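**Student:** One structure is given below, represented as structure tokens, and several questions about it will come after.
The values are calculated or read from the model by the stated rules, or taken from the named source; none is laboratory data. Keep in mind that this is a model prediction, so the values were computed, not measured. Cβ sites come from the backbone with ideal geometry, for glycine too, and all protein chains shown count toward neighbours.
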Amino acid sequence: MKRLFLSLILPVLALPGIASARDLPKTPLPSYEPWDEEVVHTFENLLVQEGGRVKPLYSVARFTLLQYSGKTTAAFQTADGVDHKLHYAEWLLNVLFKGEVAKDLPVFIVDDSAAVVQIGVSPKSKRDRYSYNELFAGRAKLAELSAQFAEKQKKYQESEKDPQFELGRVEGMILTLGRNISSFEYLLGQFGFARKGELIVNENILPDELIDLAKRLDVVEMLNKMPEMSINQLMQAISTPPGSSQDEIMFSGALRLFFFHANTARGMNLFPPRETDNEVWLSASDLMIEALGDKDARPWAGEQLGKIQSLVDAKNESPEAFAKELTEFSKWQHAISDPRGEGLHSDLEVKMYRGKYFMNSLVCFIFAFVVMAFSWLTPGSKIGKTLIIVASLIALLGLYFNVHGITLRSIIRQRPPITNLYDTVLFITGTAVLLGLLIEYFTRLGVGTLVAILSGVLGMFLSMKYEAKEATDTITQLVAVLDTNFWLATHVTIINIGYAAGLVSAIIGIIYLTGRFVFMLIGRKSKDFFKTLTRMNYGVICFCLFFALVGTVLGGIWANYSWGRFWGWDPKENGALMICLWTLVILHGRMAGWIRDLGVHMNAIVLAIITTFSWWGVNNLGVGLHSYGFTDGVWGALYSTWMIFGAFMLMGVIVWFRERQSKLRKKDSSKTAETLPA
Amino acid sequence: MRFLPSFILLTTATMLVSCGDSGPSGAQIVTRELPGSHQSFRLVDSSAERFRYQKRDAATAAGATPASTAPDLVYTTPEGWKEQAGSMMRDVNLTFGDNDEGECYVARLPGAGGGLLANVNRWRTQMGAEALTAEEVEALPKKPLFGQPATFMTVDGDFSPGMGSTEVKKNHRLLGLILASEAGAVFVKMTGPKELVTENEAAFDVFTSSLDVSLN
Amino acid sequence: MARKPIDWSPSNWPKLLYQFFTSFKVATAVFVLMTLVTLLGTLAQVDQGLYAAKVKYFHSFFFTDKIFGIPVLLPGGLLLMIILTINMILGALVKVRKRWRGAGLLVSHFGMIMLLAGGFVTWAFATDGYMALYPGMSSNRVESYRDWQLEVFPLDENGRAKQSWILPSDELQSIRVDEQRSYDADGLPFHVIINGFTKNATPIPTASIKSSSGKGKEIDGFKLVPQDASKEAEQNLPGAYVAFDPDGEGEGIEAILWAGSYRFDPGEDPMPFPFTIDGQLYGAMLAKKSWNVPFEVRLDEFIFERHPGVSTARNYESRVTRVEGEKETSLEIKMNEPMRFAGYTFFQESFGPSDGKPGEMFSQFAVANNPADQWPLWSLVVTTIGLMIHFCVMLVDFIIRSRRKTAAATQS
């Protein structure tokens, strides 16, 4: 079914087609042996604590690759001419267990080749993906430059955005690349302690004698023999030169290696803590450091580290042995975490991403749009009307996918649907689609469906863009003040319904203005149709006022309950207020006779400008209590959106002007007609 | 009904006038009994203390505590020297020479930082020189640093900085000033090509004697 | 269509005024202007900070602002809200034709008037301040976030005082940098002379290079150097040159008083400027304006939790005991669960110090007293009911009309 969808859509939307038809980047790997599907499945369900919650490794893999690559697959062509496309879970499996392969996979996106030129790497095309090995020649320069730019960025923040510290475009890219490469090295080195001298990463910073020693060093065994040391003592010991005896040199070398391994094993918290009341999971590094400082912890820590050791050994032995060990490890993790009540919904989370609900939703809306477009070829005919109904049903299916995805997300984190900016995009899209379909149900003009489809396409596309841009987990933990399901479910939901209505109203306005403009150009008239559109939009604006007003006042009441003032002129509050005010302008302006049909739709677009400002703009002003979603590049996107809105309003102005002229002409001609006989 | 509009206007206007000034109006000094929790005060001797320019004990310093426990350093940058960004280990980081080949930094460590003997010898090893005995180190000359006598050393040789670098810099000179006590250790280290360092020895003295703890 | 000429005779003024204030045009104009003012006031917060923007744009009758470089005089939020209230009362409640179809609108407008009235009462009568306590401490004293007053008090040899003379904040803060004012009071054997008050200042040692920017007099090695006012008004630390003059001849004991000598944290005792006149030791300082609540609050424990492994605060809450005379009540104050008692509301606001260890941190409560505390809730209920009624009327109307249209269309 899905393939059918795609084959229908591809010719219409040639863009994705072109992108996928391009040659895949080549790697020097002679061939690539895929992992067993079962192994990948077990692997992606492993638990890890990150961002304050226990989640499947799957989510970490997804957002890590998204961050490096800007997409969720790693595609490449091996030297034998075969194309491969790795899913993110499989990619991470390679990084952790086949580091040498992972180093050759082209996953680091560089948007402008000027960035790689600056670090002394020969560029490929203007925008391309590079492998770690391809970038390695510029590693030192990259570290130096990104440290420099990080400092600059810090100054930029501290100086409250002094433009002299603002990072240039290429500088920003180098900084991001530097961070990604460094994070990749941590992943590569994650299990380095268990690999017996196969260092894979950072080998160049170890002196020769240590590389030799690394092959013989068993970290767990070494732990058991060492005296107790705090991390500070360890650092002190490795920074002071060893004595001259062979034993001292050996001990010092072993310590440095230990620290080297412990350092790169940071970040991936795979191990539930020993104590049941402790919520902080541990990484291999934490285990090593803790065991070093506390002899009593050593047997336990050794056991945990041993599990990784077994995994690495099994991988070297045979695929079957690895599959078995991995299953063991997963069972062990779940046996501990389940009673602790952690990661209970991790399988659901994997299912949610595997289900691709939001992607399917977008596909539905695009397909519905195509069907809708066909209906315009035979407007008013039976076929046309049937096509509209078909398009509505497909849009309904798209809405179903959207709602299903949102529901799963709510279940996974046990929260109402909206807890962060990404959630608002999904929710507002769903609400707008629903509104459009409801309008269609009552009016049967095809306009409601068009509104639903346009909101669906734009909203779902925005959600994907946003996810790729942020490239961090979108299921986030809440700060203390938001930790209330009651207010999240009421104020937040209601105000976002208000936003959705404001945007729907603008879409109707755009349809109206475009329609009037086109009809003016081709000299046709359809007064009734446009009158209905106006009443429709009027209804939506009332709907918007209701939800925006109730949502805003509820927000104030929440604020009064939480921190003691109903209204504080905070930017987000002001944004919501402006939405209310502008709907009131429209409603009262009509009563005052200042606004007619054209005016309602033009002002609906102004309403949308205010809504987008309130939705995205105020978060990025950098002030106030609601600054929960700082996003670079939002202002650019907002300005372009407003320009587009402005273009539609210009159409309205032209229509208005032409109409006035023709009215004046009529008046003139009637006047001359009156005067002639005299 | 007719008078209602004007009535409302009038009332609002009166309300506005009466609400223009909130709180008690008083060009007068008033007296008040102090509640039990607000009766005690800290008597200080000097304005400097009252304006928080002097060290307070940790318990009362809260609230105004800077992010790092060590106070900032103030100093005079000698002519021709350049400021570089500090780092975790370096509080002050300066370079000199046409290509910034000379380097001078200040590092502070809590605790004795490994002791005077070990540190003198660590630096000597970096220059490829023999280690000194405890008596020899004891006999090294002293220069003032933060108003206290600090051990001054100078070594010539081939400089291998360590820290992952395998590069050896030929014919270099190292000037070091170490102040080690139980409370903390301060290291000032200057390295560079021998001629350049010799030229800048006076600047080194200017710099080290200007070093002071910031009052802010 | 010929218009009737307007009757401008004075006897007709009330009617004209009435017509003006009840018109939809005024309502629309107010909404447009209010949107503009809100937008400007929001954007201004980026540069000026919340408090300054609030005062300039929203708590004002008029303000001037540059729009595309051209200075424009605009009505402030306060004026607009007053006009709106009058407009709603007269237009939507008094003048409007009473009929069932409009019932919803009538009710919702009434709800909005309640909301605005609540805002007005809050603006005029509500107080807000804070109380910060370490575990074990108790207090009945609430301090202002922004207002500073001058306090002078006789001290005993242990540095304790029972009574204090206060120059209220309104008076103190109205003194300009270059202004001199003198005060005296019964029982005070000297005049208090203030030689300029600076809203935000730092005492700098004259030995330091930075002090050259200060024009003020040097006292005990220090000069008071004015600073730019902070965006967050509560971060300003004012300072003043003060003299205590027993014989009224303009001389006397001079001092710089600085808000920074007051406490930064509830565990500290303030550091007054000590001086002796007629053998009696006095202290003088700039202190936060403060007032009493009719009960004491004791902090028993402050609990602070983070999400595992990250720095996001998950929860912070305070276990407190409220003491009214003999009666003690134990309760918890946490995010979204304030303590409401005797007209005062205590909210969990903040905690400190930033580097404090669990168990050794202080907890800060925002303390609000607002007669209109619950008005927004009631107004919301009223407005919602009104809008719901109206919305239903509209929807039914819309559906009936659309149905009729489609029916007509299919027939033809």
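**Student:** Please verify whether the range C:339-348 includes one or more residues that are part of a strand (DSSP E or B), touching a Pro at 6+ places or on another chain (Cβ under 7 Å), under 30 Å from B:VAL44 (Cα atoms) and of a type in the set (A, V, I, L, M, F, W, C).
**Tutor:** no
**Student:** Next question, about the same structure. Among (1) over 30 Å from A:ASN269 (Cα atoms); (2) within 14 Å of chain A (Cβ to nearest Cβ); (3) surrounded by 15 or more Cβ atoms within 10 Å (Cβ to Cβ); (4) under 22 Å from the mean Cα position of the chain (by Cα), there is one condition C:PHE351 misses while meeting the rest; what is its number?
**Tutor:** The failed condition is (1).
**Student:** Go over the candidates A:ILE366, A:ILE383, A:ILE394, A:ILE388 one by one and state the one that is in a helix (DSSP H, G or I), touching an Asp or Glu at 6+ places or on another chain (Cβ under 9 Å) and assigned by TED's automatic domain parsing to the domain that holds A:ILE453. Even if it seems obvious, please write down each step before you answer.
**Tutor:** Working: A:ILE366 fails: touching an Asp or Glu at 6+ places or on another chain (Cβ under 9 Å); A:ILE383 fails: touching an Asp or Glu at 6+ places or on another chain (Cβ under 9 Å); A:ILE394 fails: touching an Asp or Glu at 6+ places or on another chain (Cβ under 9 Å).
Exactly one residue qualifies, and that residue is A:ILE388.
**Student:** Would you check if C:LYS288 is of a type in the set (D, E, K, R), at pLDDT 90 or above and within 30 Å of C:LEU224 (Cα to Cα)?
**Tutor:** Details: of a type in the set (D, E, K, R): yes; at pLDDT 90 or above: yes; within 30 Å of C:LEU224 (Cα to Cα): yes.
Yes.
**Student:** In the set C:VAL177, C:VAL107, which member is farther than 30 Å from C:LEU224 by Cα, among the β-branched types (Val, Ile, Thr) and surrounded by fewer than 21 Cβ atoms within 10 Å (Cβ to Cβ)? Walk me through it before giving the result.
**Tutor:** Working: C:VAL177 fails: farther than 30 Å from C:LEU224 by Cα.
On inspection, the qualifying residue turns out to be C:VAL107.
**Student:** So, in the range C:173-204, exactly how many residues are over 26 Å from the mean Cα position of the chain (by Cα) and either within 9 Å of another protein chain (Cβ to nearest Cβ) or in a strand (DSSP E or B) (or both)? Lay out the reasoning, then the answer.
**Tutor:** Here is the first cut: in the range C:173-204, the residues over 26 Å from the mean Cα position of the chain (by Cα) are C:178-195, C:203-204.
Remaining after also requiring either within 9 Å of another protein chain (Cβ to nearest Cβ) or in a strand (DSSP E or B) (or both): C:180-188, C:191-195, C:203-204.
The number of residues fulfilling the criteria is 16.
**Student:** Please list, ordered by first then second residue, the pairs with beta carbon atoms under 8 Å, 6 or more apart or interchain, first in the range A:596-609 and touching a residue at least 12 places away in the same chain (Cβ under 8 Å), second outside any helix (DSSP H, G or I) and surrounded by fewer than 22 Cβ atoms within 10 Å (Cβ to Cβ).
**Tutor:** These pairs meet every condition: A:ASN603/A:ILE595.
**Student:** Can I ask one more? Name every residue in the range A:130-158 that is touching a Phe, Trp or Tyr at 6+ places or on another chain (Cβ under 6 Å) and either charged (D, E, K, R) or more than 25 Å from A:ALA75 (Cα to Cα) (or both), in order of residue number.
**Tutor:** A:LYS152, A:LYS155, A:TYR156
So that you can scan it fast, the table gives a plain yes or no per residue for (1) touching a residue at least 12 places away in the same chain (Cβ under 8 Å); (2) buried (at least 18 other Cβ atoms within 10 Å of the Cβ); (3) at the interface with another protein chain (Cβ under 9 Å from one of its Cβ atoms); (4) touching a helix residue (DSSP H, G or I) at 6+ places or on another chain (Cβ under 9 Å):
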residue	(1), (2), (3), (4)
C:GLY283	yes, yes, yes, no
C:GLU296	yes, yes, yes, yes
C:ASN315	yes, no, yes, yes
C:SER318	yes, yes, no, no
C:ARG322	yes, yes, no, no
C:SER330	yes, no, no, no
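**Student:** Is one or more of the residues making up the range C:63-77 assigned by TED's automatic domain parsing to the domain that holds C:GLY41 and more than 25 Å from C:THR42 (Cβ to Cβ)? I'd like the intermediate steps shown before the answer.
**Tutor:** If we filter the range C:63-77 for residues that are assigned by TED's automatic domain parsing to the domain that holds C:GLY41, which is where we start, we get C:63-77.
Now drop any that are not more than 25 Å from C:THR42 (Cβ to Cβ), which leaves none.
The answer is no; no qualifying residue exists.
**Student:** Among the residues of the range A:325-346, what is the count of those that are polar (S, T, N, Q) and outside any helix (DSSP H, G or I)?
**Tutor:** The initial filter retains those residues of the range A:325-346 that are polar (S, T, N, Q), namely A:327, A:330, A:333, A:337, A:346.
Restricting the remaining residues to those that are outside any helix (DSSP H, G or I) gives none.
The qualifying residues number 0.
**Student:** Out of all the residues in the range C:127-141, is one or more within 11 Å of chain B (Cβ to nearest Cβ) and basic (Lys, Arg)? Steps first, please.
**Tutor:** If we filter the range C:127-141 for residues that are within 11 Å of chain B (Cβ to nearest Cβ), which is where we start, we get C:127, C:131-134, C:137-141.
Among the residues that remain, those that are also basic (Lys, Arg) are: C:141.
Within the range C:127-141 (the criterion being within 11 Å of chain B (Cβ to nearest Cβ) and basic (Lys, Arg)), the answer is yes, since at least one residue qualifies.
This table checks each residue for (1) in the same structural domain as A:VAL425 (by TED's automatic domain parsing); (2) over 22 Å from the mean Cα position of the chain (by Cα); (3) touching a residue at least 60 places away in the same chain (Cβ under 8 Å).
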| site | (1), (2), (3) |
| --- | --- |
| A:GLY436 | yes, yes, yes |
| A:GLY446 | yes, yes, yes |
| A:ALA452 | yes, yes, yes |
| A:VAL457 | yes, no, yes |
| A:MET464 | yes, no, yes |
| A:LEU482 | no, no, yes |
| A:LEU488 | no, no, yes |
| A:THR493 | no, no, yes |
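**Student:** If you don't mind, another one. Of all residues in the range C:126-172, count the ones that are within 30 Å of C:TYR316 (Cβ to Cβ) and either free of Cβ contacts under 8 Å to residues at least 40 places away in the same chain or part of a strand (DSSP E or B) (or both). Walk me through how you get there before you give the answer.
**Tutor:** First pass over the range C:126-172, keeping only residues within 30 Å of C:TYR316 (Cβ to Cβ): C:126-148.
This time we only want the ones that are either free of Cβ contacts under 8 Å to residues at least 40 places away in the same chain or part of a strand (DSSP E or B) (or both), so: C:127-133, C:138-148.
So the count comes out to 18.
**Student:** If you take just the helices (runs of 4 or more DSSP H) that sit entirely in the range A:106-191, which of them hold at least 3 residues that are within 24 Å of the chain's Cα centre (by Cα)?
**Tutor:** Working: elements: A:114-118, A:132-135, A:139-158, A:169-189.
Filter on the range A:106-191 gives A:139-158, A:169-189.
**Student:** When residues of the range A:271-317 are filtered for being farther than 22 Å from A:GLY51 by Cβ, exposed (fewer than 15 other Cβ atoms within 10 Å of the Cβ) and acidic (Asp, Glu), how many remain?
**Tutor:** 4
**Student:** Please work out which one of (1) at pLDDT 85 or above; (2) more than 8 Å from chain A (Cβ to nearest Cβ); (3) out of contact with any His (no Cβ under 8 Å at 6 or more places or on another chain); (4) over 30 Å from C:ASP128 (Cβ atoms) is the condition C:VAL382 fails and give its number.
**Tutor:** Result: C:VAL382 passes all but (4).
**Student:** Whether any residue in the range C:365-384 is loosely packed, with under 14 Cβ neighbours inside 10 Å and within 30 Å of C:PRO266 (Cβ to Cβ) is what I want to check.
**Tutor:** Taking every residue of the range C:365-384 in turn, at least one turns out to be loosely packed, with under 14 Cβ neighbours inside 10 Å and within 30 Å of C:PRO266 (Cβ to Cβ).
**Student:** Which of the residues belonging to the range A:468-491 are within 19 Å of A:THR407 (Cβ to Cβ) and touching a Gly at 6+ places or on another chain (Cβ under 7 Å)?
**Tutor:** Scanning the range A:468-491 gives A:ASP473, A:THR476.
**Student:** Just to be sure before I move on: is C:THR22 more than 23 Å from the chain's Cα centre (by Cα) and among the hydroxyl-bearing types (Ser, Thr, Tyr) in the structure I sent?
**Tutor:** Working: more than 23 Å from the chain's Cα centre (by Cα): yes; among the hydroxyl-bearing types (Ser, Thr, Tyr): yes.
Criteria met by C:THR22.
**Student:** Go over the candidates C:VAL297, C:VAL310, C:VAL320 one by one and state the one that is at pLDDT 90 or above and within 24 Å of A:THR484 (Cα to Cα).
**Tutor:** On the way: C:VAL297 fails: within 24 Å of A:THR484 (Cα to Cα); C:VAL310 fails: at pLDDT 90 or above.
So the residue among C:VAL297, C:VAL310, C:VAL320 that is at pLDDT 90 or above and within 24 Å of A:THR484 (Cα to Cα) is C:VAL320.
**Student:** Can you name the residue in the range A:524-582 that is over 31 Å from the mean Cα position of the chain (by Cα), more than 8 Å from every other protein chain (Cβ to nearest Cβ) and free of Cβ contacts under 8 Å to residues at least 60 places away in the same chain and is also farthest from C:ILE399 (Cα to Cα) among such residues?
**Tutor:** A:ARG524
**Student:** Determine which member of the set A:ALA89, A:ALA102, A:ALA114 is of a type in the set (Gly, Ala, Ser), away from chain C (no Cβ under 14 Å) and surrounded by fewer than 22 Cβ atoms within 10 Å (Cβ to Cβ). If you could, list the steps in order and put the result at the bottom.
**Tutor:** Values: A:ALA89 fails: surrounded by fewer than 22 Cβ atoms within 10 Å (Cβ to Cβ); A:ALA102 fails: surrounded by fewer than 22 Cβ atoms within 10 Å (Cβ to Cβ).
Sole residue among the options that is of a type in the set (Gly, Ala, Ser), away from chain C (no Cβ under 14 Å) and surrounded by fewer than 22 Cβ atoms within 10 Å (Cβ to Cβ): A:ALA114.
**Student:** Could you say whether any residue in the range A:464-484 is part of a helix (DSSP H, G or I) and of a type in the set (S, T, N, Q)? Steps first, answer last, please.
**Tutor:** Within the range A:464-484, the first condition is being part of a helix (DSSP H, G or I), and the residues that meet it are A:464-470, A:480-482.
Remaining after also requiring of a type in the set (S, T, N, Q): none.
Checked the range A:464-484: no residue is part of a helix (DSSP H, G or I) and of a type in the set (S, T, N, Q).
**Student:** I'm trying to understand the selection: among the residues of the range A:192-204, which are of a type in the set (D, E, K, R) and in a loop (DSSP other than H, G, I, E, B)?
**Tutor:** The first filter runs over the range A:192-204 and keeps only residues of a type in the set (D, E, K, R), leaving A:195-196, A:198, A:203.
Correct list: A:ARG195, A:LYS196, A:GLU198.
**Student:** With the requirement that a residue be within 14 Å of another protein chain (Cβ to nearest Cβ) and either on the phi > 0 side of the Ramachandran plot or modelled with pLDDT of 90 or more (or both), what does the range A:442-488 give you? Spell out how you get there, then give the answer.
**Tutor:** In the first step, residues of the range A:442-488 are kept if they are within 14 Å of another protein chain (Cβ to nearest Cβ); the result is A:442-448, A:472-473, A:475-488.
If the condition is that a residue be within 14 Å of another protein chain (Cβ to nearest Cβ) and either on the phi > 0 side of the Ramachandran plot or modelled with pLDDT of 90 or more (or both), then A:ARG444, A:GLY446, A:VAL447, A:GLY448 are the ones that fit.
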